[in-house]
1. Run down 91, 99 and say which single residue is assigned to a helix (DSSP H, G or I) and modelled with pLDDT under 90.
2. Hey, can you tell me all the residues within segment 34-67 that are crowded, with 17+ Cβ neighbours inside 10 Å, at negative phi, in contact with a strand residue (DSSP E or B) (Cβ under 9 Å, 6 or more places away or on another chain) and in contact (Cβ under 8 Å) with a residue 24 or more places away in the chain?
3. Just to be sure before I move on: is residue 107 touching a residue at least 40 places away in the same chain (Cβ under 8 Å), out of contact with any strand residue (DSSP E or B) (no Cβ under 7 Å at 6 or more places or on another chain) and at negative phi in the structure I sent?
4. List the residue pairs whose Cβ atoms are under 6 Å apart, where the first residue sits in segment 87-98 and is surrounded by 13 or more Cβ atoms within 10 Å (Cβ to Cβ), the second is not in a loop (DSSP other than H, G, I, E, B), and the two are 6 or more positions apart or on different chains.
5. What's the total number of residues in segment 9-29 that are farther than 13 Å from residue 130 by Cβ, part of a helix (DSSP H, G or I) and either touching a helix residue (DSSP H, G or I) at 6+ places or on another chain (Cβ under 6 Å) or modelled with pLDDT of 95 or more (or both)?
6. Might you check whether a residue that is more than 26 Å from residue 23 (Cα to Cα), part of a helix (DSSP H, G or I) and modelled with pLDDT of 80 or more occurs anywhere in segment 77-85?
């Protein structure tokens, strides 16, 4: 299973906002902290707002907040809100399926079962599980105070992810 960079950024954004709760976060802060383009984040934050994961308020006193408590946001919900599809193999996409053995093949059913189990595991955890009692994460994400910018915190995987875009 491979998640898109969009979903990776969604997790990072939601963790950032969850750590900042109840204070709002801004796209500018998240962009600076993670080194993600503002344009990319604007699209993502809008999508997360449409999925009722974020509450996005424009203007003075606005910002980005969780749409509901972190204890109510399931990880599987984040993945299904941001992944365009789950076409693990060709036969999962009915419009593009050219596989000659689709009808008698048993692999599709097994892969669907595995995907369901994977989503069940993700849905057994919440956003709160990612941030509660995680001092290391909170320390890293609080390096930026509200409305202050600093150098982005980058890991080796962030650099590799940007090369893939």
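1. 91
2. 45, 48, 53, 54, 64, 65, 66
3. no
4. 88/111; 91/108; 97/90; 97/91
5. Summing the residues that are farther than 13 Å from residue 130 by Cβ, part of a helix (DSSP H, G or I) and either touching a helix residue (DSSP H, G or I) at 6+ places or on another chain (Cβ under 6 Å) or modelled with pLDDT of 95 or more (or both) in segment 9-29 gives 2.
6. yes
The values are calculated or read from the model by the stated rules, or taken from the named source; none is laboratory data. Everything numeric here is computed off the predicted structure, so don't read it as measured data. Cβ sites come from the backbone with ideal geometry, for glycine too, and all protein chains shown count toward neighbours.
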